[in-house]
Amino acid sequence: MITRMNHVSIFVLNQESAYEFYVNKLGFKVHTDAPMGPGMRWLTVTPPEQPDLEISLMAIEEGMMFKGEAAKQMRELVKKGTFGFGVFQCNDLNATYEELKAKGVVFKKPPTKEFYAYEALFMDDSGNWFSLGEKEKK
Amino acid sequence: MNQPDSSYPKFYLYKRMVKAKLFIDENYKDNIDLNNIAEEAYFSKFHFIRLFKTIYGKTPHQYLTAIRIDKARLLLGSHHTIAQTCYDVGFDSITSFTGLFKKIEGKTPSEYQRQIRERQERIRNTPLQFIPNCFAEQKGWTKNRNFEEVL
């Protein structure tokens, strides 16, 4: 039976800019940063309190993964904000919202009470969006 | 005056707390007086500590220590000596830095530095050991087994 997830990919337009966003704005930790030859890099980050979930910041480049026009199409889709890649959690949504806004993170939705949760939506530097919720308070 | 652009109650309190937290993030190297931060944020010291702990799960002092140790990990992974690291993250004494680091990290700064450098060396020499094969194959990296040649 499957018990855990330890790697997941987010497709980004530029790894250097994604590094700045995920590490210096969101506060994620660099897990592995390995040069893989000219212009290629394996870069994974982890949420601060989840060191065993590696998020691979995968550059969209023409090659084996995206052949021919696919890379260009994928870049356009990401830029347009097509993809929602997941839900992040914080201790306090209001405080995290204010902090990330102060750091220049763009929110599609401020903290809002929905029928399923209290959540906000933010975008990364490429155009991927994420839901942000908070740990249930006791 | 900030515009009331937020949809949740007491947003002005959060703005003040976040400002105080960001102050710690930016000034952890200095001798920060938490009384001053509370005053800057227009809170009594007691109220500030209580609210900070509610929001961040740590008292301001615990948070400051955590930030300093976190930054120390980064510096130890670069070319900083232990003494440089100690002073650069805001500690006055190498003994207290080393003791606190070991208490939190479970190993001394020198042991941590040795292990992190070994790992960096392995990433440089054999990066494929750190990449799940499915990703490496998709990228076409498995063909270039000797990365020392292509770097």
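The values are calculated or read from the model by the stated rules, or taken from the named source; none is laboratory data. From a predicted model like this one, the values you see are computed outputs, not experimental measurements. When we count neighbours, we look across all protein chains shown, and the Cβ atoms used for this are built from the backbone with ideal geometry, even at glycine.
What the table shows:
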item	result
Residue list for the stretch B:101-133, filter: basic (Lys, Arg) and closer than 30 Å to B:Leu64 by Cα	B:Lys102, B:Lys103, B:Lys107, B:Arg114, B:Arg117, B:Arg119
Residue within the stretch A:9-25 that is in a strand (DSSP E or B), over 12 Å from the mean Cα position of the chain (by Cα) and closer than 21 Å to B:Pro132 by Cα present	no
Where a residue in the stretch B:122-133 is at the interface with chain A (Cβ under 10 Å from one of its Cβ atoms) and its partner, wherever it lies, is of a type in the set (Val, Ile, Thr) and in a helix (DSSP H, G or I), with Cβ under 8 Å and at least six apart	B:Phe130/B:Ile123
Selection within the stretch A:74-86 - under 23 Å from B:Phe135 (Cα atoms) and in contact with a strand residue (DSSP E or B) (Cβ under 8 Å, 6 or more places away or on another chain)	A:Met74, A:Val78, A:Phe83, A:Gly84, A:Phe85, A:Gly86
The stretch A:77-100, residues that are hydroxyl-bearing (Ser, Thr, Tyr) and farther than 26 Å from A:His7 by Cβ	A:Tyr97
Residues within the stretch A:32-48 that are at the interface with chain B (Cβ under 10 Å from one of its Cβ atoms) and more than 20 Å from B:Gly140 (Cα to Cα), tallied	1
Check on B:Glu111, more than 26 Å from B:Met17 (Cβ to Cβ) and out of contact with any helix residue (DSSP H, G or I) (no Cβ under 8 Å at 6 or more places or on another chain)	yes
Wholly enclosed strands (runs of 3 or more DSSP E) of the stretch A:47-138 bearing at least 2 residues modelled with pLDDT of 95 or more, surrounded by fewer than 19 Cβ atoms within 10 Å (Cβ to Cβ) and in contact with a Lys or Arg (Cβ under 7 Å, 6 or more places away or on another chain)	A:118-123
